[in-house]
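K.L.:
Submitted below is the structure of interest, expressed as structure tokens.
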Amino acid sequence: MDQVSKTVLTGIGGTTAMTAGSALMSRMMKENYKEPEHLRTMIARLAPFHSRQAKVIAGWGAHYAMGFVFAAVFVELWQKGTIKHNLRNGLMLGLASGLLGLLIWKATFKLHPLPPQLHYFDFYMQRIPAHVVFSVFATLTYRWIRSEELARNAEPAEVPGDCY
């Protein structure tokens, strides 16, 4: 499988798990930590003339696009052998990317002319566990992809015309 496909699958695995985790935390804490909703709100305030459906799609698209960016960095590190694709490193990547994610969100809210009203400190602090979830599931997805590749390469080649 090529690196772009690995990145897309890894991004989907990590982002989907992160989104579910943020929705669960939102429900538990009675706060809105749902990244696509905040992105939709900010997009809607910059482009109010678009349909609601277009804004929802844009919010989700922006969320998954960032997941693909993070996944691309992770896959590059794993492919080059810079770090191993194990859970310990996944946790470390999650902490590092959580801090980076916190800074990205903070800058996004600061630069946006009409950011959503929320408890910013709580939202920023939730970025770290959200990114740990992303990184762990991205790692698990990549490990699954690699194990499938290794299994496929280990299978004996079928010889045409052989009958057993």
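K.L.:
Just the accessible area for I57, please: 1.4 Å probe, Å², rounded to the nearest 10?
P.N.:
About 110 Å², ignoring ligands and nucleic acids.
K.L.:
Over the stretch 1-157, give the accessible area per residue in Å² for a 1.4 Å probe, as an integer. Working shown, then result.
P.N.:
Details: 9040 Å² over 157 residues.
With the other protein chains kept in place, the stretch 1-157 gives 58 Å² per residue.
K.L.:
Right, next: Quickly work out the L46-to-K110 label distance, labels modelled 7 Å from Cα along the C-beta direction, and quote it in nm with one decimal.
P.N.:
Between K110 and L46, the label points sit 1.7 nm apart.
K.L.:
Return the lysines within reach of K80: Cα separation strictly under 22 angstrom, same-chain partners fewer than 8 residues apart disregarded; answer none if there are no such residues.
P.N.:
Answer for K80, where 22 Å is the Cα cut-off: K6, listed by chain and number.
K.L.:
Also: Would the stretch 39-99 count as rounded, prolate or oblate if I go by the C-alpha gyration tensor, calling it rounded below 1.5 in a/c and otherwise prolate when a/b exceeds b/c, oblate otherwise?
P.N.:
Details: a/c = 4.42, a/b = 3.02, b/c = 1.46.
Because a/c hits 1.5 or more and a/b exceeds b/c, the stretch 39-99 counts as prolate.
K.L.:
Sticking with this one: Which sequence of R127, R40, R143, R152 reflects their accessible areas, 1.4 Å probe, from the largest down? Each step should come with its number before you reach the end.
P.N.:
Numbers: R127 0, R40 65, R143 110, R152 135 Å².
In descending accessible area the options line up as R152, R143, R40, R127.
K.L.:
While we're here: On the protein heavy atoms, probe 1.4 angstrom, tell me the percent of accessible surface of the chain carried by carbon and sulfur. Could you put the intermediate results ahead of the total?
P.N.:
Details: 6620 of 9930 Å².
Summing carbon and sulfur atoms, their accessible area is 67 percent of the total for the chain.
K.L.:
Could you give P(r) for the stretch 1-47, binned at 10 Å from zero, as whole percent values over all Cα-Cα pairs?
P.N.:
Answer for the stretch 1-47: a P(r) of 25, 34, 30, 11, 0 percent.
K.L.:
Additional query: Applying a 10 Å radius around every beta-carbon, put 3-9, 133-139 in order of their mean neighbour count, most first. Walk me through the numbers on the way to the answer.
P.N.:
On the way: 3-9: 16.3, 133-139: 25.7.
The peptides rank, most packed first, as 133-139, 3-9.
K.L.:
So, one more: At 25 °C and 0.890 mPa s, what whole-number value in µm²/s does Stokes-Einstein give for the translational diffusion of the stretch 117-158, with Rh from the Kirkwood sum over Cα pairs?
P.N.:
Numbers: Rh = 13.0 Å.
Translational D for this selection: 189 µm²/s.
K.L.:
So which lysines pass the test for K110, namely a Cα distance under 29 Å, with those fewer than 8 places away in the same chain ruled out?
P.N.:
K110 reaches K30, K34, K55.
K.L.:
Can you tell me the order of 78-85, 109-116, 62-69 when each peptide is scored by its average per-residue count of other Cβ atoms within 10 angstrom, highest first?
P.N.:
Details: 78-85: 13.9, 109-116: 12.4, 62-69: 17.6.
Order by mean packing, descending: 62-69, 78-85, 109-116.
K.L.:
Y33's amide H: which non-local residues (gap 5+, or another chain) put their own amide H closer than 5 Å, with H modeled 1.01 Å from N in plane and none for Pro or chain starts?
P.N.:
Result for Y33 returns S26.
K.L.:
Using a Gaussian network model of the chain whose springs link C-alpha atoms within less than 10 Å, name the residue from G94, G14, G59 with the highest mean-square fluctuation.
P.N.:
G59
The values are calculated or read from the model by the stated rules, or taken from the named source; none is laboratory data. A quick note: this is a predicted structure, and the numbers were derived from the prediction, not measured. Using ideal geometry, Cβ is built from the backbone for each residue, glycine included, and neighbour counts are taken over all protein chains shown. Heads up: the accessible areas ignore ligands, DNA and RNA and are worked out on the full protein's heavy atoms, side chains in. Shrake-Rupley method; radii C 1.70, N 1.55, O 1.52, S 1.80 Å.
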